[in-house]
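Data first, discussion second: the structure below is written as structure tokens.
Each value in this text was obtained by applying a stated rule to the coordinates, not by laboratory testing. Note that the structure is predicted; figures quoted are calculated from it, not measured. We place every Cβ from the backbone using ideal geometry, glycine too, and count neighbours over all the protein chains shown.
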Amino acid sequence: MDMDSPSTDTVATGSTRWLTGCALAAIIIVALVAYGAYALEDLEKGLDGYGQMEQAGRSGTVADPLGPGETAQFEDGLKVTVSPPIAKGNGTHAFFVTYENGTDAEVLPGGPSLEDSVSEIGPAPLVVRPGESLDDYVTAYDLDWLNRQAAASDLVAPLAEGEKRTVPVHVKPTRAGIPVSVEVAVPDAGYRETAYFQLTVG
């Protein structure tokens, strides 16, 4: 009898250990690759800020505005939705701008100043103006924002983490069927893109 030959049990145990070791090594490698990809993506976001929009479909930029009912989703978790307009009678229309704070900090949708939070003609945290998003602020269309001060009051209150707020907007165009641009530029200590929406009232 050859006393030096390995037993079947010893060979089986060695094979099992080798397979277990390979499986553990493969799991560790996959986990490291996944973590590395996550860290790289997080680094990229950190370098360019968390204020970019990242929704599928239209980009929400001035050249590719979002439509009624669509949502601008920012990398930091903030979401902004502009509803389709609803005819209210007497030539007036209403739509709603909804802010959902999925960030990990308080957000000021209208900025620190009531006077500067809304505008019909120039940059502000919320701009509602006649014309298409690429039009100049002076267009052939005209529009009255009927509840501008009430919208400003709704905007300046802080929006806590996890909270949602809907701001009603009432407008009266000079005629039916005009395009309306809605620009949402929620202030941020770092950087946040302006989300553009394009509606038609009437």
Stokes-Einstein translational diffusion, the stretch 96-141 - Kirkwood Rh over all Cα pairs, 1.306 mPa s, 10 °C, in µm²/s: 127 µm²/s
Cβ-defined net charge surrounding Val118, 12 Å radius [Lys, Arg +1; Asp, Glu -1]: -3
DSSP-loop GluC sites (Glu not before Pro) across the stretch 152-191, with at most 12 other Cβ within 10 angstrom: Glu161
Pair Arg175, Tyr191: separation of 7 Å Cα→Cβ label points (nm): 4.2 nm
Cα shape, the stretch 50-202, gyration tensor, a/c 1.5 rule: prolate
Sites Asp142 and Gln52, calculated FRET efficiency, Cβ-Cβ separation with R0 41 Å, nearest 0.05: 0.75
Value in Å of the Kirkwood radius, where the stretch 130-182 supplies the Cα pairs that are averaged: 13.0 Å
Fully extended contour minus Cα-Cα distance, from Thr20 to Thr61, at 0.36 nm per residue: 9.6 nm
